[in-house]
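Structure first, then comments.
No value in this document is a laboratory result; all are computed from the given coordinates. Fair warning: this is a prediction, and the values are worked out from it, not measured in the lab. Cβ placement follows ideal geometry from the backbone for every residue including glycine, while neighbour counts extend to all protein chains displayed.
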Amino acid sequence: MRKERIDSFDFMRSVTAWIIVIYHFACICNTTPQYADLPFLYQHANGVWGENTSVNIFFMLSGASLFYNHPDIDIHSLKRYYFDRFKGIFPMFYMLWLFLYYQKATTLGHLFYNGSPKTMLLSLAGMDGYLSYRYPQNYYFIGEWFLGALVCLYLIYPLLTLCMKYCKILTTLLLGAGTLAFHWNLPFFQIQRERNLIVCLFAFWLGMLFIRYREKLSALWITVIFGGIALFLLFVKVPVDGFLCTQVIPVGLFLLFYQIGNYVMKVGFLKPFFSYTGKISYAIFLLQHVVMGQVLGLFGRYNPNLPQILLILVLTFIIIYIFADVLTRLNKLLVKSGWFMTLQSFVYGSDKS
């Protein structure tokens, strides 16, 4: 039986997508001489809007959504679970990646223009962005580093459902302690601490806990306390490691956005817009860098001022939305095609649940 949709999650997906797009737009402007800096769109008082702030909200939302829809996964449903995750991520990813790869390879006249073809396997697994710190010569075009982290989290998720059932307190303590330990910049990992799988896993787990105790954790007084702390840390610099601040801020913003979404999604003329944006949010994540770079490249010779840059940001949003909608529709056609349905039937086998 299909569960009732949590409309507020569509609002949260929309807001998270906007924050990430704006953050990366500001990143490009801040590092390109002809564009005015946008520090207020790039960072807050205790960190940056990307990395742990918006990305942790994204991971919490992913954990919450998955646990809401699939709270139990037994050995018999593993095959279906993993294929459904594959279907949700990779067909769209492959469509866009193969187009961009073909475009680049034909322009340069070489199939393996960026080194060993072995690193292309990272792209096909969606891990090129996440592992770029270790394999910088790769074929990374689209998506974000957090796509690779999300793939890992989806692989681990069945184990997390068992942890939720049998040892949720211990799991919470271990993941919380593991995340806190990165305050001391542990030398065991090459990857930066904000992207470490332990940190991502903790945010994902917190989202699962939210669903497990949603009736209690969605109480207004809890949102006021944690949301208030998050807003304070966004605007007031504190003498605390920014990494720790950006573990607290997403929790408060997650609760705050959830409450706001509950009200916004009851407004008739707003609900269709946020539902639409939530539906295409994954395509937005995949497309943003490509579209953003091309749009900004069109205006690079003009040295635009701040108001003009903000207009370019609006134009970038519109173009990303249009292409994200087209990509989502193409993906829908792909996963409903005869050969893909045949593949799906083969994987599912006799499991029709």
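Using a basic spin-label model with each label point 7 Å from the Cα along Cα→Cβ, how many nm lie between D37 and A177?
Label-label distance for D37 and A177, simple model: 4.2 nm.
Dipole of the chain (Lys/Arg Cβ +1, Asp/Glu Cβ -1, origin at the Cα centre): which of I312, I89, A149 lies farthest to the positive side?
Looking along the dipole axis, the top candidate is I89.
Put one equal scatterer on each alpha carbon of segment 1-126, apply the Debye formula with no solvent term, and list log10 I(q)/I(0) at q = 0.11, 0.18 1/Å to two decimals.
Here the Debye-derived log intensity ratios amount to -0.65, -1.16.
Return the subset of K79/K336; K237/K279; K271/K332; K87/K271; K87/K216; K168/K266 for which the Cα-Cα distance in this structure is over 28 Å, preserving the input order.
Over 28 Å Cα-Cα: K237/K279; K87/K216; K168/K266.
Where in segment 321-336 does the label zone of T106 land, with the point 7 angstrom along Cα→C-beta and an amide N cut-off under 20 Å?
Output list for this probe position: 327.
With a ≥ b ≥ c the root eigenvalues of the C-alpha gyration tensor of segment 70-217, is it rounded (a/c under 1.5), prolate (a/b larger than b/c) or oblate?
Since a/c reaches 1.5 but b/c is at least a/b, the shape of segment 70-217 is classed as oblate.
In whole percent, what relative contact order does segment 7-348 give with Cα contacts below 8 Å and a gap of six or more residues?
Relative contact order of segment 7-348: 31 percent.
How are the Cα pair distances of segment 99-157 distributed, in percent, across 10 Å bins from 0?
Result returned by the calculation: 24, 49, 21, 5, 0.
Using only the Cα atoms of segment 147-203, construct the convex hull and provide its projected area averaged over every direction, in square nanometres to one decimal.
4.0 nm²
Please list the helices of the chain that count as membrane-span-like by this rule: a mean Kyte-Doolittle hydropathy of at least -1.0 together with Cα atoms stretching 18 Å or more along the helix axis, each helix being a complete DSSP H run. Walk me through the numbers before you get to the answer.
Values: long enough: 7-31 (37 Å, 0.88); 54-69 (23 Å, 1.08); 78-108 (42 Å, 0.15); 145-166 (31 Å, 1.61); 168-181 (19 Å, 1.45); 197-212 (22 Å, 2.33); 220-235 (22 Å, 2.54); 242-264 (31 Å, 1.35); 281-298 (25 Å, 1.43); 306-335 (43 Å, 1.93).
In the chain, the long hydrophobic H runs are 7-31, 54-69, 78-108, 145-166, 168-181, 197-212, 220-235, 242-264, 281-298, 306-335.
Quick one: putting +1 on the C-beta of Lys and Arg, -1 on the C-beta of Asp and Glu, what dipole do you get for the chain around its Cα centre, in Debye to the nearest 20?
700 debye
Ratio of alpha-carbon Rg to the 2.2 N^0.38 Å globular estimate for segment 7-348, to two decimals, please.
Compactness ratio reported: 1.01.
Among A64, P187, Q344, whose Cα lies farthest out toward the positive end of the dipole of segment 7-348, if unit charges sit on the beta carbon of Lys, Arg (+1) and Asp, Glu (-1)?
The one lying farthest along the dipole's positive direction is Q344.
Quick one: P(r) of segment 207-353 from all Cα-Cα pairs, 10 Å bins, percents rounded to integers, in order of increasing distance.
Going out from 0 Å in 10 Å bins, segment 207-353 shows 9, 20, 27, 29, 12, 3, 0 percent.
Given only helices, namely DSSP H runs of n ≥ 4 each adding -39500 (n - 2.57), what is the per-residue ellipticity at 222 nm of the chain, to the nearest 500 deg cm²/dmol? Intermediate values should be presented prior to the final figure.
On the way: 15 runs with 244 residues, N = 353.
Here the helix-only value at 222 nm equals -23000 deg cm²/dmol.
What does the charge count near F112 come to, summing +1 for each Lys or Arg and -1 for each Asp or Glu among other residues with Cβ under 12 Å from its Cβ?
Surrounding charge for F112 is +2.
Based on alpha-carbon centroids, what's the gap between segment 97-166 and segment 225-251 in Å, whole number please?
31 Å
For the chain, with the dipole built from +1 on Lys and Arg beta-carbon atoms and -1 on Asp and Glu ones, taken about the Cα centre, which of L98, T161, V48 lies farthest toward the positive end?
The listed residue farthest towards the positive side: T161.
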